[in-house]
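Here's the structure we're looking at; comments come further down.
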């Protein structure tokens, strides 16, 4: 079976469950990473850097493959901690939309198992919050700003704010439009200048007023503004 896969689609060999084949693949895993071209290596390194910045735990698996052949670049699976159970998986696909007759649209997606996710929630006794609109939207302009935005997103999320962002967009108007769709009362704007000056711009989406706030005070200021609007969600 693997010999046939080698002729038709060599990457599918990595999906083999036979112990002998898996042992051979494990021994060759470093070769697989070293075989990436320079562009792919740079892209993959950037993905890992963003995961590190967001403190997302991950394990590299050079032999990971998915069942569909339209993926490009990064693949991933989300595994329940302390278990080998994958509750969802997906990856990037640059050419899929075009293959379906649409415009060239690089995208990323995933599929999750409903039953597995429910079982995982029960196992961890997780409390699922009621769906609530976002209180805050973070706009980022540039790579350095994107890293700071990701870090700030994590801090607001940890502080129990309903925060949203669109890290894949680079245009300020498209991001503000997204914030409007979510009816966010406040927006934080971060550009290269704000990264350098260690501050952010906080904009009121209703009256369009805005102020510059230093990094260490941003959560306190945003919380106060939301309380004044009677919109702070505990």
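Every number in this text was worked out from the coordinates using simple rules, so none of it is lab data. Only a predicted model underlies this, so the values are computations on that prediction, with no experimental measurement involved. Please note: Cβ atoms are built from the backbone with ideal geometry, for glycine as well, and neighbour counts cover all protein chains shown.
Across all Cα atoms of segment 58-137, the radius of gyration (one decimal) and Dmax (whole number) stand at 16.0, 44 Å. A simple spin-label model places the labels of residue 55 and residue 231 2.7 nm from each other, with each point 7 Å out along Cα-to-Cβ. If one computes the Cα centroid of segment 69-89 and of segment 202-234, what distance in Å separates the two points? Taking the Cα centre of segment 202-234 as reference, the centre of segment 69-89 is 37 Å away.
The convex hull around the C-alpha trace of segment 91-197, projected and averaged over every direction, spans 9.3 square nanometres. Note on residue 196 and residue 99: the extension gain reaches 30.7 nm, defined as 0.36 nm multiplied by sequence separation minus the Cα-Cα distance.
May I ask you to compute the full-extension gain from residue 64 to residue 172, defined as 0.36 nm times their residue separation minus their alpha-carbon distance, rounded to one decimal in nm? All intermediate terms of the calculation are to be shown ahead of the outcome.
Details: separation 108, 0.36 × 108 = 38.88 nm, distance 3.59 nm.
Fully extending the segment from residue 64 to residue 172 adds 35.3 nm.
Fewest neighbouring Cβ atoms within 10 Å first, the residues 110, 44 line up as 110, 44. At q = 0.13, 0.14 Å⁻¹, what is the log10 ratio I(q)/I(0) for segment 136-228, with the Debye formula run over Cα points and no solvent? Each listed q maps to, in turn, -0.36, -0.42. Please identify which residues in segment 75-94 have an amide N closer than 17 Å to a label point set 7 Å out from the Cα of residue 123, following the Cα→Cβ vector. So the set is 77-89.
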